[in-house]
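Engineer: This is the structure, below, for whatever I ask next.
The values are calculated or read from the model by the stated rules, or taken from the named source; none is laboratory data. Given the structure is predicted, the values throughout are model-derived calculations rather than measurements. Glycine gets a Cβ as well: all are built from the backbone with ideal geometry, and neighbour counts include every protein chain shown.
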Amino acid sequence: MAVLVALVMALVAGVIYLGRDEYHQLSRENGATIGSQTSADELVGPGRLKIGEAERRASGIEVAPLEAAEADQLVDIQGEVVDLRPLVEARARYATQSAEIRALRSAALAAKAEAERARALFRDDRNVSERAMQVAEAESRAAAERLAAAETMLRGQVDTLRATWGATLADMAVNVESAGFVPLAKGDEVLVQVTLPYEAEAAAANRLLTLAPVGGQGRSRARLVSAAPIAGLGGAVGAAYFYRAPAAGLRVGNRVVGHLASAGGSAAGVVVPERAVVWFAARPWIYVRDEKEADIFERTSVSATRLVPGGWFNAAGLEPGQQVVVTGAQLLLSEELEFQIRNENED
């Protein structure tokens, strides 16, 4: 009996699985999807949806015009919170190696003194044998070589740190007296590597950096540490720098965006309402109504790096008065992705 029940359940599951596409197609043709009303009539192109006025209102999708705004020109940056564990571990290895060197130095000094004493005794009527003198000298040379090898290894560790992290961070890490490294090591602060575009003036890096995690709302103020010798974010094009910022809201591996003040005066642009922005593929988007065909909405990339009163400031790519979806953008994104999945299944 149990076997029969299992077979029936398996048969029902198979029918449901094989008929899922046909069911969704019938639901679409009848104007509904499971659990919610369909909001879009069709996908007219990549990132473009057609939705009638009545359907839009029934779905609660609202639009509003973009407002003009002016703001100080800024340099947009992108970056990532860096894993400091390799630097902290290198700091511990440096401390251990330094302690070993101090012990080796003491041993080398003692061995040298013993060799000198043996030579003096040998010359003074051979109060020690020549063999004893030679053994003492050999031990002194060996102790000196062990010390030299350890010091070379330590210099190599420091050179590697400087090549990877830059001289400033490397020196902070290996200097036990450095108070600046303690907040980073304890996790009170995080290290952020950012990339500035090459066209940004060199002085921009010294200004206070405002940053936020991608998709997050919290803002942090970061201070410059030094230039970074290795490019970050998969080799992003631009000048790389290290900044330090409070750890609140930031975790290792977080992608961050932000801006630095520029010396270029003010810039004209628009304010994109925060509620109009949806995040997809780790990027911010909005849906803009087509100026010629009011039933078509196109997903458009925007900048979400500078928060101003009313939303995100965008200096390029958008114009005042353009109609954007301010309520229901997430619904349109879901509809767009559903269309794509269904088309892939039909193929």
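Engineer: Could you list all residues from the range 316-331 that are surrounded by 13 or more Cβ atoms within 10 Å (Cβ to Cβ) and aliphatic (A, V, I, L, M)?
Structural biologist: Result: L318, V324, V325, V326, A329, L331.
Engineer: Moving on. Which of the following residues is without any contact (Cβ under 8 Å) to a residue 24 or more places away in the chain and under 28 Å from V174 (Cα atoms): A103, A107, A132?
Structural biologist: Of the residues listed, the single one that is without any contact (Cβ under 8 Å) to a residue 24 or more places away in the chain and under 28 Å from V174 (Cα atoms) is A103.
Engineer: Turning to a different aspect of this structure: Quick check on this structure: which one of G269, G249, G232 is small (G, A, S), at pLDDT 80 or above and buried (at least 18 other Cβ atoms within 10 Å of the Cβ)?
Structural biologist: G269
Engineer: Go through (1) of a type in the set (V, I, T); (2) surrounded by 13 or more Cβ atoms within 10 Å (Cβ to Cβ); (3) modelled with pLDDT under 90 for I34 and report which single condition fails.
Structural biologist: (2)
Engineer: Still on this model: Just name the residue that is modelled with the lowest pLDDT out of those in the range 169-226 that are of a type in the set (D, E, K, R) and touching a strand residue (DSSP E or B) at 6+ places or on another chain (Cβ under 8 Å).
Structural biologist: E201
Engineer: It is to be established whether one or more residues within the range 81-91 are charged (D, E, K, R) and not in a helix (DSSP H, G or I).
Structural biologist: The answer is yes; a qualifying residue exists.
Engineer: Just give me the residues in the range 235-245 being at pLDDT 85 or above and under 24 Å from V302 (Cα atoms), in sequence order.
Structural biologist: A240
Engineer: Conditions: (1) surrounded by fewer than 15 Cβ atoms within 10 Å (Cβ to Cβ); (2) touching a residue at least 40 places away in the same chain (Cβ under 8 Å); (3) hydrophobic (A, V, I, L, M, F, W, C); (4) farther than 30 Å from A222 by Cα. L154 meets all but one. Number of the miss?
Structural biologist: All conditions are met except number (1).
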